[in-house]
Ligand code: PLP
């Protein structure tokens, strides 16, 4: 599948060696300047979208008088081609948050149970609660994987792989066995927002399993590796009946023309995505070394953020870091002694390390 080819060893090596690409990456407003605050709190990609994506978005401004139908069909077709599925197995969303909301609306409600790991990205559970569902939180295992054996009896189950905020993965064999074991009456939404950052051989995307699992929905986003968080673009892959059930909850024309054009061009620019992955990985290795020098460890990270294990409560540190102009992730009540930090540029991470060393020594 092209999606896997995107990160084959061969293409990765080619991208890593491509100094010309590095030079072509535009300096974005997002990158920190010494005067500005450093935002390491939302798992954004500090390097910005593909230059081809930027051009496509600028060009798309000319088309704003028109509704987005044609472009919408074109992106659905691109996504279908990428994953080797039919376009009727793709739904586009106004960010993958939109997909999560649609799933909660379509599959939960009063008298129905939604199961989520804890901690995780909270949005789908909040939507399910709004729909009147009972939400059950299942703590992660000691290895910070999903405790899948305890996530079996809901109408809808959320699996976040890699998981936000821990950046850990649930291994592929366990996830496969789990999907095979579930009754068809339980729908599983696997959120693969951070898919492109994973390097572990123990991980796989479950998109190929959609063919054999009518109760599986897989969500992806353009907000992370494609650096389009502000535009709002995402999608889901599932069997046609599940896609129709999601669509019944959605407004018409959920994605705008600028986001659609940027998403199409970004999907095609695989080298740019590879470069973002390589930079993230290099900076993460550097950060782990710096933290170790100060006596701190982080959980094994398979994403564009890390979970640092503290020696005390995170809450006061979040505030102290902010006073120093460094914004780090929020409190996750299930892990009050851990700090989630997005991997920014090397300059941003140097500022993080300097501020972190100051606040832990005061
Ligand atoms: N899923 C996970 C696991 C996330 O961490 C996030 C955002 O951080 C989202 C979904 C939402 O992404 P989007 O910007 O596509 O709505």
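The values are calculated or read from the model by the stated rules, or taken from the named source; none is laboratory data. Model, not experiment: these values are computed from the prediction. Backbone-built Cβ (ideal geometry, glycine too); neighbour counts: all protein chains shown.
Observations
- Residue 201 over 30 Å from residue 308 (Cα atoms), surrounded by fewer than 20 Cβ atoms within 10 Å (Cβ to Cβ) and at pLDDT 95 or above: no
- If the condition is being out of contact with any strand residue (DSSP E or B) (no Cβ under 6 Å at 6 or more places or on another chain) and part of a loop (DSSP other than H, G, I, E, B), then the stretch 311-342 contributes 311, 312, 313, 324, 325, 330, 331, 332, 333, 335, 336, 337.
- A count restricted to the stretch 227-242 and to residues that are near the ligand (Cβ under 9 Å from one of its atoms) and crowded, with 24+ Cβ neighbours inside 10 Å stands at 3.
- Among residues of the stretch 36-75 being buried (at least 21 other Cβ atoms within 10 Å of the Cβ) and away from the ligand (no atom under 16 Å from the Cβ), the one that is farthest from residue 235 (Cα to Cα) is 38.
Rundown of residues vs (1) assigned to a loop (DSSP other than H, G, I, E, B); (2) in contact (Cβ under 8 Å) with a residue 12 or more places away in the chain; (3) more than 28 Å from residue 310 (Cβ to Cβ), yes/no style:
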position	(1), (2), (3)
101	no, yes, yes
106	no, yes, yes
109	yes, yes, yes
114	no, yes, yes
121	yes, yes, no
138	no, yes, no
153	yes, yes, yes
166	yes, yes, no
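- The numbered conditions (1) out of contact with any helix residue (DSSP H, G or I) (no Cβ under 8 Å at 6 or more places or on another chain); (2) in a loop (DSSP other than H, G, I, E, B); (3) surrounded by fewer than 16 Cβ atoms within 10 Å (Cβ to Cβ) are all true for residue 292 except (2).
- Looking across the stretch 202-226, the residues that are assigned to a loop (DSSP other than H, G, I, E, B), more than 11 Å from the ligand (Cβ to nearest atom) and either under 19 Å from residue 78 (Cα atoms) or in contact with a strand residue (DSSP E or B) (Cβ under 7 Å, 6 or more places away or on another chain) (or both) come down to 205, 206, 215, 225.
- Test for residue 257: is it more than 14 Å from the ligand (Cβ to nearest atom), modelled with pLDDT of 95 or more and within 22 Å of residue 78 (Cα to Cα): yes
For (1) within 20 Å of residue 280 (Cβ to Cβ); (2) in contact with a helix residue (DSSP H, G or I) (Cβ under 8 Å, 6 or more places away or on another chain), each residue gets a yes or a no:
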{"position": "178", "(1), (2)": "no, yes"}
{"position": "184", "(1), (2)": "no, no"}
{"position": "188", "(1), (2)": "no, yes"}
{"position": "192", "(1), (2)": "yes, yes"}
{"position": "195", "(1), (2)": "yes, no"}
{"position": "201", "(1), (2)": "yes, no"}
{"position": "212", "(1), (2)": "no, no"}
{"position": "215", "(1), (2)": "no, yes"}
{"position": "218", "(1), (2)": "no, yes"}
